[in-house]
1. Let me have the 222 nm mean residue ellipticity of chain A computed from DSSP H runs of 4+ only, each contributing -39500 (n - 2.57), with the sum over all residues rounded to the nearest 500.
2. Once R0 is set to 60 Å, what does the formula 1/(1 + (r/R0)^6) return for the Cβ-Cβ distance between residue B:233 and residue A:34, expressed as a FRET efficiency to the nearest 0.05?
3. Compute the helix-to-body angle for B:250-270: its Cα long axis versus the longest principal axis of chain B, expressed 0 to 90° and rounded to tens.
4. On a straight-distance basis, which lysines could pair with residue A:18 in a cross-link, Cα separation under 26 angstrom, same-chain partners fewer than 8 positions away excluded?
5. Give, in nm to one decimal, the length gained when the segment between residue B:223 and residue B:52 is fully stretched (0.36 nm per residue of separation minus the Cα-Cα distance).
6. Taking each residue of A:86-98 in turn, how many C-beta atoms of other protein chains fall within 10 Å of its C-beta, and what is the average?
7. How do the peptides B:215-221, A:123-129, A:99-105, B:43-49 rank, highest first, by the average count of neighbouring beta carbon atoms within 10 Å per residue?
8. For a quick check: with amide H placed at 1.01 Å from N, whose amide H comes under 5 Å from residue B:442's, ignoring anything fewer than 5 positions away on the same chain?
Amino acid sequence: MKENEHNPSSGRDELTRKDFLTRISLSVAGLSAAVMAVPVISALVAPLLQRKATFWRTVGRVDDFPVGSTSLVNFENADPEPYAGMLARSAAWLRRENEGSFIAFAINCTHLGCPVRWEEGADLFMCPCHGGVYYRDGTVAAGPPPRPLPEYRVRVNNGQVQLQTAPLPITTT
Amino acid sequence: MKHLFWRIWHWLDDRIGINALLKPLVDHPVPPRGLWTYVFGSATLFMFVLQVVTGVALSLLYQPSSANAYHSLEFITYQAKFGNILRSIHYYGASAMLILVGLHMIRTYITASYKYPREMNWISGVFLLLFTIFMGFTGQLLRWDSNGVWSSVVAAQQLGRVPLVGKYLARLLLGGDTIGGASLTRFFSYHVFIIPAFIFIFIALHLWLVFRHGISELPKAGRPVDPKTYRSWYEEYLKDHAVPFWPNAVWRDVMFSSVVVILIILFAWLRGAPQLTTQPNVTYIHTSPSPDWYMVPFFALFALMPHKIESAAMTIGPLLTIILLFILPFVARKGERSPIRRPWAMFGVICVIVFVMSLLIVGLKHPWSADFSAKPVPLAAIHPAHPDSTVIAGSQLFYARGCEYCHRVNGYGGKAGPDLSAVGMRLSGQELTIRIVNGGGNMPAYGGILTKDDLQTLVGFLQAQK
């Protein structure tokens, strides 16, 4: 071992030509791959990098919705792509509770997201997928849904009913 | 002329090395089989090739954009020459691939071919199974009708239950905060580029491993695998018993795969592809999303499992299954391979098959769903034969208030709740009232919904049903 310390050609820390070429090849190739990966990974996770804007969308005049009624309304999403087609819009169940008060529910069942329908006669929201049922105030009446129907923010502005856009409600644990 | 062909062939073979590459594969010695149970793996491979070829053909006709995909599906289905047949073959090919990959796995498990030294054959196979399921799922979305759109929402909801990162995973799957322009583009990329690339890599690995470790010999009771001696024993065994891969072993694979392809074409021709439902429009809510048959067992499981454990089960269930599949060849890496000597393993595999098949059957009937198409009970079908006006009014309320979505009276109505054809014999008027007002089990409480008069009329009608 002592001899090695004095003999650079066989020392442990000494860089042989083979080692040098291996390391420089791997480093340069690795660097180029890492740089190239930035835009690739950015495309992969693009949805997480989006700006989260919200807008108020008009869904109708106050008078369009009789007191006590529950109506299906639809509105443009926050920032739809020009090529989104019909999927540029989302829907909500708008309930007029009294003269000045509205409540807007997501159409998505909190169980697995299927579209709940308002059944006027039964006075219930019913989901076609796994039998989820909600009362008119959005609370769970039966079936597997773990939570009440999510709500959109809603306001009355100059006689117009407006909903605030929101992401598709996802039930988390 | 013949001479010229041979010369060209020899020149090509010399410069390309076709024989040098393939001869060892074609001639390599394999254990004799004498059984038709070893054909599922090769048939799965044939299906993959079929899917690639028909998939590429479909991509010539398909528009991978959220706005236009549905219109191109209509074009493929109703206008393009042989378009519907092409779509059908791709659909039945997917179904066949999923069935065959399952059969291949079951066969491998029954003959314990995952034991030493073929652990990585099994693990690469588990990856291929997962990729195949993901392909089946994304393929169904690319149809991009209302079923496709809502299935992607359902999938996002399932991902959402993953602790901590669920919301981000869901957003990543949908390509944004809502279903939109980016959604289909991403599913297309997964289905057509990303997952197939992985499948190609893993098939290459899987086949290389089959070649490297040799096809497993038929198991025999009393001949356990001993990692210390297995390899040398296998070599000796091949010396005495082996047959060349081509054609002695492979003719059954070719026959079976060809029959499967013919069956697929017959199905495609006679039955056609699944009907397109309505346009992809999440503001149109009168739709009942239902997945393709191979996803129905999952769909059924979500309706039937206890609701309280659901969030945990959605995360832990798949994770546990995958972990179990991965560790199997390590916890059972040696010992008996014969199914006769592994009764508990056989019991387990039968349980899994029965479980999945039951879920599939019950899922296709989906009795838990309200029947929105229920028709009013006609007077002729209610009791008594000459009902008074209260009973008639009650039967009308029974329909108008949505009771019939879930309850059946003499053949009319849904099946989610108990059949009420003879409920008057089981429950008194008071019991009926309590039940309707308070709900219970899977029934909503109608106390805040029905007026007192309506309630009485309804109870009167139900009491008369006996």
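No value in this document is a laboratory result; all are computed from the given coordinates. All figures in this text were calculated on a predicted structure; none of them were measured in a lab. Note that we place each Cβ from the backbone using ideal geometry, even for glycine, and neighbour counts take in every protein chain shown.
1. Counting only the DSSP helices, I get -6500 deg cm²/dmol.
2. Efficiency for this residue pair is about 0.80.
3. Approximately 30 degrees, to the nearest 10.
4. Reachable lysines: A:2.
5. Working: separation 171, 0.36 × 171 = 61.56 nm, distance 4.07 nm.
Extra length available between residue B:223 and residue B:52 comes to 57.5 nm.
6. Working: counts 10, 16, 7, 5, 6, 5, 1, 1, 0, 0, 0, 0, 0.
Across A:86-98, the average partner-chain Cβ count within 10 Å equals 4.
7. Numbers: B:215-221: 17.6, A:123-129: 24.3, A:99-105: 15.9, B:43-49: 22.0.
Packing proxy ranking, top to bottom: A:123-129, B:43-49, B:215-221, A:99-105.
8. For residue B:442, whose amide H was placed from the backbone, there are no distant partners under 5 Å.
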